[in-house]
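See below for the structure under consideration.
FYI, it's all coordinate maths here, none of it is from the lab. Because the structure is a prediction, the values reported are computed rather than measured. Positions of Cβ are generated from backbone atoms using ideal geometry, with glycine treated the same way; all protein chains shown enter the neighbour counts.
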Ligand SMILES: Cc1cc2nc3c(=O)[nH]c(=O)nc-3n(C[C@H](O)[C@H](O)[C@H](O)COP(=O)(O)O)c2cc1C
């Protein structure tokens, strides 16, 4: 698929089939992530590919976040229900790729640029998945950046999760998308 077409027609696909995805396709997606621009070649990203019961890793992260924030008056039964509902969120796609930024200590590269590189890696991955006929949605939300999620994925130092890519064969039509014309966001400067 032409890159322009991939950029224009990629849409978030929140509902995917549970059909398994060939490892070779997942590897292509990961490879695309590693070709993102990154200042001083720091390659500041880490990936976790979660499939099958492996998705429980993320599920346990969601549950740990929810339990740590839960109303202390909840009964054991209510807490168990809450944890179960949170864990199930990780099973919304057959493959979930967690992407974290691992900022380098290089003084030339400010942390903000390491995030920029990791986010670029995610975009490369979304576009590649789309070109392969797969659907993705970049999911985040407050739990992504929560201390309990960091603990679950054993992030250390300045490492941060930047998002979860839910990946699978689409089970919905892409939604209509709208963008503000670039002219409204652009100043042309020529002298
Ligand atoms: C950093 C980031 C985090 C996002 N987190 C979520 C999320 O938690 N849940 C969700 O439904 N979509 C999430 N999205 C996807 C956006 O909702 C989606 O890209 C937007 O609605 C535009 O739609 P499109 O991707 O189809 O162009 C996220 C996107 C980005 C860039």
* To do: Over region 1-69, consider all pairs of different Cα atoms and compute the Kirkwood hydrodynamic radius from their mean reciprocal separation; express it in Å, one decimal.
  => 15.5
* Using 1/(1 + (r/R0)^6) with R0 = 25 angstrom and r between the beta carbons of residue 142 and residue 35, what's the FRET efficiency to the nearest 0.05? -> 0.25
* **Of 130, 39, 119, the one that fluctuates the most in a GNM where the chain has Cα springs shorter than 10 Å** => 39
* To do: Enter the Cα centre distance for the pair region 8-87 and region 125-191, rounded to the nearest angstrom.
  => 12
* Structure fact -> Here the gain from full extension of residue 123 to residue 24, 0.36 nm per residue of separation minus their alpha-carbon distance, amounts to 33.7 nm
* Structure fact -> Under the 7 Å Cα-to-Cβ spin-label approximation, residue 80 and residue 151 lie apart by a distance in nanometres of 2.2
* Between 0 and 90°, nearest 10: helix 23-34 axis offset from the chain longest Cα axis -> 60
* Structure fact -> Mean separation of Cα contacts under 8 Å (at least 6 apart) over the residue count of region 38-189, i.e. the relative contact order in percent, is 30
* Mind listing the Cα extents of region 61-191 along all three principal axes, in Å, largest one first? -> 67, 45, 28
* Rg/Rh for region 12-132, where both radii come from Cα atoms and Rh is the Kirkwood radius -> 1.07
* Structure fact -> region 119-191: spread of alpha-carbon positions along the three principal axes, whole Å, largest first, is 49, 40, 20
* With an 8 Å cut-off on Cα pairs and a minimum separation of 6 or more residues, tell me the relative contact order of region 120-171 in percent. => 47
* Using Cα atoms only, what is the angle between the long axis of helix 111-131 and the major principal axis of the chain, expressed in degrees (0 to 90) to the nearest 10? -> 90
